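Following: one structure in structure tokens, then a few remarks.
The values are calculated or read from the model by the stated rules, or taken from the named source; none is laboratory data. None of the values given here were measured: they were computed from a predicted structure. Note that we place each Cβ from the backbone using ideal geometry, even for glycine, and neighbour counts take in every protein chain shown.
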Amino acid sequence: MKSKDTVTTFEAPKTSVIQDSNISDEQFDFLSKLIFEKVGIYLDHNKTTMVQSRILRRLKKLDLDSIKDYITYLKENPDKEMDFFINSLTTNKTDFFRENDHFEYLKDVFLKDLIEKKTGTSVQDLYIWSAACSAGHEVYTLALVMDEFCKKNPRFNYKILGSDIDTDILDRAKKAVYPAEQIDPIPRHYLQGNFQKGSGENEGFYRASDHLKRNVKFKRFNLTVPTERVPLTFDIIFLRNVLIYFPPEIIKKVIDKLASHLKSGGLLIIGHSETLNGIEHDLEFLGSSIYKKK
Ligand SMILES: C[S@@+](CC[C@H](N)C(=O)[O-])C[C@H]1O[C@@H](n2cnc3c(N)ncnc32)[C@H](O)[C@@H]1O
């Protein structure tokens, strides 16, 4: 007779298997309506696969069985889940020195003009807003350009606000740690003193230095909520590669709001694949997706 101790049993390993991974039209309509109401992102049915795969990722984290269960969970726990839901449906693609002609315009035209116009010896603060900043690449690109300018022209100082709706991506922006391959587009001369190379467990990563971060602040900000505002007016607002996710009526509201946050003569810069054609506004078009407040 076998002693009890020697009996070996085998059990199937516990893995969470999603029972139903397909999204129905009705479920897609519910989720796309909700993301539109919350953040203005318009998703039509050609985005079904994208929505399905992003929601499935969230489902696995929550150990839920189906998209139906996820929707029930979201409805029952809106306070707990809404930010995660929004974070899963935003698209955060970005790069250092992305659409570089905008940074060249800043240096060669806008900042040059400012030097010529500047009178007196007092220090002028320049305020810049990267209004859908993703993981901070745009913010730190602006910081590199502005830091170089202010060192050469000490009568100027700068402050940059980076904002986004996505709380995960804002945490990454605040940490400012980037894989080496993402650093590649940064012209080499900017790296010295502004980025530190990781070693040991941080091998393969770079971090923006405290010196670069000292004039930068990040904040969660929803562009599409008319009552959400910041108590500042800006010399330059970068609003690049986010309007593509909004329908015209939302673009109009966002532009009106951001234009009201611009100083007279200030710049609003949108992405190259975006346009304000067909949107009523009072900004002067300077070319190359750059607009000026009169
Ligand atoms: C493609 S990224 C653009 C990043 C950067 N501006 C660039 O051009 O590289 C778009 C960003 O817009 C943000 N976003 C989408 N809807 C938003 C909203 N209603 N308010 C604020 N940010 C939003 C997303 O979270 C995402 O990080």
| query | Which of the residues spanning segment 139-152 are hydrophobic (A, V, I, L, M, F, W, C), surrounded by fewer than 24 Cβ atoms within 10 Å (Cβ to Cβ) and under 14 Å from ASP210 (Cα atoms)? | reply | LEU144
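Give me the residue from segment 112-138 that is under 14 Å from the mean Cα position of the chain (by Cα) and among the small types (Gly, Ala, Ser) and, out of that set, surrounded by the fewest Cβ atoms within 10 Å (Cβ to Cβ).
Across segment 112-138, the extreme among qualifying residues is ALA131.
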| Can we say THR141 is over 13 Å from the mean Cα position of the chain (by Cα), more than 13 Å from the ligand (Cβ to nearest atom) and in the same structural domain as ALA259 (by TED's automatic domain parsing)? | no
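Tally the residues that are part of a strand (DSSP E or B) and in contact with a Ser or Thr (Cβ under 8 Å, 6 or more places away or on another chain), restricting the search to segment 101-135.
Within segment 101-135, residues that are part of a strand (DSSP E or B) and in contact with a Ser or Thr (Cβ under 8 Å, 6 or more places away or on another chain) number 3.
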| Test: PHE285 is in contact with a Lys or Arg (Cβ under 7 Å, 6 or more places away or on another chain) and more than 12 Å from the ligand (Cβ to nearest atom) | no
| Are any of the residues in segment 197-214 in contact (Cβ under 8 Å) with a residue 12 or more places away in the chain, of a type in the set (Lys, Arg) and farther than 21 Å from LEU144 by Cβ? | no
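Name the helices (runs of 4 or more DSSP H) wholly inside segment 159-267 in which the number of residues that are among the β-branched types (Val, Ile, Thr) is 3 or more.
Because the criterion is at least 3 residues that are among the β-branched types (Val, Ile, Thr), the helices (runs of 4 or more DSSP H) in segment 159-267 that meet it are 248-260.
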| query | When you go through (1) crowded, with 16+ Cβ neighbours inside 10 Å; (2) closer than 22 Å to ASP166 by Cα one by one for PHE205, which number turns out not to apply? | reply | (2)
| note | Of ASN277, ASN222, the only residue that is at negative phi, within 16 Å of the ligand (Cβ to nearest atom) and either in contact with a Leu (Cβ under 6 Å, 6 or more places away or on another chain) or of a type in the set (S, T, N, Q) (or both) is ASN222
